[in-house]
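The values are calculated or read from the model by the stated rules, or taken from the named source; none is laboratory data. Computed from a prediction, not measured in an experiment: that's the story for all the values here. Note that each Cβ is placed from the backbone with ideal geometry, even for glycine, and that neighbours are counted across all protein chains shown. Note: areas computed on protein heavy atoms with side chains; ligands, DNA, RNA excluded. Shrake-Rupley method; radii C 1.70, N 1.55, O 1.52, S 1.80 Å.
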Amino acid sequence: MAHNLPIEGFRRILGDKGITIEQDDIAPWLNDWRGHYQGAAAAILSPATTKELAACVRLAAEHGIPLVPQGGNTSMVGGATPPADGSALILSLRRMNSIRAIDTSANQAVCEAGVILSVLHDAAEAAGRRFPLSLGAKGSATIGGLISTNAGGTQVLRHGTMRGLVDGIEAVLPDGSIYEGLAPLKKDNRGYDLKQLLIGAEGTLGIVTAATLKLVPAITHSATAWFGLGSPHDALALLRALEARLGPIIEGFEVMAAEPVGYVIEHVPNTRAPLAQLAPWNALIEFDLSNSGEGGRAQLEAALGDLMTDDTIQIHDAVIAQNEAQARDFWRIRETIPEAERAAGFPIAFDISVPINAMPDFMLSAAEACTARFAGTTATSYGHLGDGNVHFHVRAPADIADRSGWLKTSGEEIRHYVHDLVVAAGGSISAEHGIGQSKRAELGRLSSPARIMALRAIKAALDPHGIMNPGKLIPLASEA
Ligand code: FAD
Ligand code: MLT
Ligand code: ZN
């Protein structure tokens, strides 16, 4: 634990409501969603305003106390978990949760960092707009966390990642100064783009306190379809055929092998499979029919009917949701895969990207290579095929008695093996979840000297005393 903490100094800044020192109240925030890391912290600081937050950072900087920014704590890579030695304090953004403004003429929302994604969805909908980024953790993940991980999710195909949805940013830098960049300037060439530097920085360069976010028009008519397919190649061919026939109306295109869908059916109560028979591969597709109005659905049905007879794509079966409730049920299957995988016992999880057209081959060949090399393992994938990003999961042999022991002994070898395949295919070992602690050593092992030099130089320039989220993202000296 850190010694000589200026707890009373923080209390003077934050008041009793803004500081938590009871270990029972701190405990739920000390480990990660996947349960891989256990941290320790003597206090959680919860400022209510940017000024309070800046004063906390100044005090922490004076005393050399590291801070771990935390939003919803849904990180998949241990990014928001404090170090186990208790040397850092958690800086929670959860009290900074107001939507400062929604401007429907500019199609923008100004949100504080602690606003939960689904709260923004609801507020945008009430204003006749939408914030076009969604993911399974939407009920907990916050705007600050989504920005700091450059989150992706299920609408990237059409709307891009968080990087493209942030028009302005307000942040507190490691010396406690406030960067006021909320103005949504379309053109701004004052040198380095601090906003883009903070997006995806995982809290290592400063703390995002608010952002100006893009909104898009609400969808007035939509349709949701589930396709049973023969292979990931069929899925990509289906996406391309739909794009060619229907134009840019595909709002989401998610692909799932039978295994993860099976885990949902087994572990998530009240799940009904969309098709009579679970196909080897499945695609969930969301169409925005707003521009074609009432007639859109008939056009869509005709186009899908044509595709059913296209013998270049192996379609086992397909169904269009009959109503909103059924559409929600289809999406619930996709969105609860992480929860179902957790219930089934976590696999070794990879969040990878390769060039889109290479992904179907990669999904099959990497699974085959992996299971041939590591006897008894199974490997499968699901995710955002249209973005060239899938979650590739390797499971321990079914008959293994000591699963966690096996994960420890074989896990590292498998991680190296799969990541080497990804790098050989020209891909990335983190497509959307970030690096955090879980991929830091692998980033070091697999990055060019130029990338490592630039990462370290930027970190040292902005955070010379290393107080911002230590141990995350930047490979240690021994790792690169
Ligand atoms: P946290 O977990 O609290 O923090 C994440 C990182 O950001 C940490 O490094 C933290 O220090 C830093 N941070 C948090 N707030 C701030 C701030 N205000 N300023 C500076 N740094 C900050 N991710 C995807 O990209 N796509 C998905 O489809 C997806 N699906 C998910 C589904 C489930 C069920 C779960 C549990 C997670 C999923 N994730 C997904 C991962 C996760 O939800 C995202 O990374 C999300 O952006 C994290 O938001 P959070 O508020 O929980 O951040
Ligand atoms: C998803 O797409 O569901 C998420 O990124 C989480 C995961 O890796 O399963
Ligand atoms: Zn994902």
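Numbers below:
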| item | result |
| --- | --- |
| The stretch 135-170: number of residues that are in contact with a Gly (Cβ under 9 Å, 6 or more places away or on another chain), part of a strand (DSSP E or B) and crowded, with 20+ Cβ neighbours inside 10 Å | 3 |
| Residue within the stretch 203-225 that is within 16 Å of ligand 2 (Cβ to nearest atom) and in a loop (DSSP other than H, G, I, E, B) present | no |
| Inter-residue pairs, beta-carbon under 9 Å, first within 14 Å of ALA276 (Cα to Cα) and in the stretch 304-322, second among the aliphatic types (A, V, I, L, M) and loosely packed, with under 11 Cβ neighbours inside 10 Å, 6+ apart | ASP317/ALA276 |
| Candidate set from the stretch 254-272 (those that are in contact (Cβ under 8 Å) with a residue 24 or more places away in the chain and small (Gly, Ala, Ser)); member that is least open to solvent (accessible area, probe 1.4 Å) | ALA257 |
| Extreme residue, surrounded by the fewest Cβ atoms within 10 Å (Cβ to Cβ), among residues of the stretch 438-455 that are more than 16 Å from ligand 2 (Cβ to nearest atom) and part of a loop (DSSP other than H, G, I, E, B) | SER448 |
| So HIS433, is it under 30 Å from ALA237 (Cβ atoms), open to solvent by less than 50 Å² (accessible area, probe 1.4 Å), part of a loop (DSSP other than H, G, I, E, B) and in contact (Cβ under 8 Å) with a residue 60 or more places away in the chain | yes |
| Residue tally, condition without any contact (Cβ under 8 Å) to a residue 60 or more places away in the chain, open to solvent by less than 40 Å² (accessible area, probe 1.4 Å) and out of contact with any Leu (no Cβ under 8 Å at 6 or more places or on another chain), over the stretch 196-216 | 1 |
| Test: residue in the stretch 405-412 that is closer than 22 Å to THR74 by Cα, surrounded by fewer than 22 Cβ atoms within 10 Å (Cβ to Cβ) and not hydrophobic (A, V, I, L, M, F, W, C) | no |
| Verdict on ALA480 being of a type in the set (A, V, I, L, M), within 18 Å of ARG34 (Cα to Cα) and more than 16 Å from ligand 3 (Cβ to nearest atom) | no |
| Odd one out for SER105 among (1) in contact with a strand residue (DSSP E or B) (Cβ under 9 Å, 6 or more places away or on another chain); (2) without any contact (Cβ under 8 Å) to a residue 40 or more places away in the chain | (1) |
| Single unsatisfied condition, GLY176 versus (1) assigned to a loop (DSSP other than H, G, I, E, B); (2) within 12 Å of ligand 1 (Cβ to nearest atom); (3) touching a residue at least 24 places away in the same chain (Cβ under 8 Å) | (2) |
| Residue identified as more than 30 Å from LEU67 (Cβ to Cβ) and either in contact with a Lys or Arg (Cβ under 6 Å, 6 or more places away or on another chain) or of a type outside the set (Asp, Glu) (or both) among LEU215, LEU185 | LEU215 |
| The stretch 382-404, subset within 16 Å of ligand 1 (Cβ to nearest atom), surrounded by 23 or more Cβ atoms within 10 Å (Cβ to Cβ) and small (Gly, Ala, Ser), residue nearest to THR336 (Cα to Cα) | GLY383 |
| Qualifying residue in the stretch 344-351 (condition: open to solvent by 20 Å² or more (accessible area, probe 1.4 Å), at pLDDT below 95 and within 30 Å of VAL418 (Cα to Cα)) | yes |
| Scope the stretch 4-43; condition farther than 30 Å from ALA340 by Cα, assigned to a helix (DSSP H, G or I) and open to solvent by less than 20 Å² (accessible area, probe 1.4 Å); matching residues | GLY9, PHE10, LEU14, GLY18 |
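Yes/no per residue for (1) in contact with a strand residue (DSSP E or B) (Cβ under 9 Å, 6 or more places away or on another chain); (2) closer than 25 Å to LEU229 by Cα:
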| residue | (1), (2) |
| --- | --- |
| ALA379 | yes, yes |
| ARG403 | no, no |
| THR409 | no, no |
| ILE414 | yes, no |
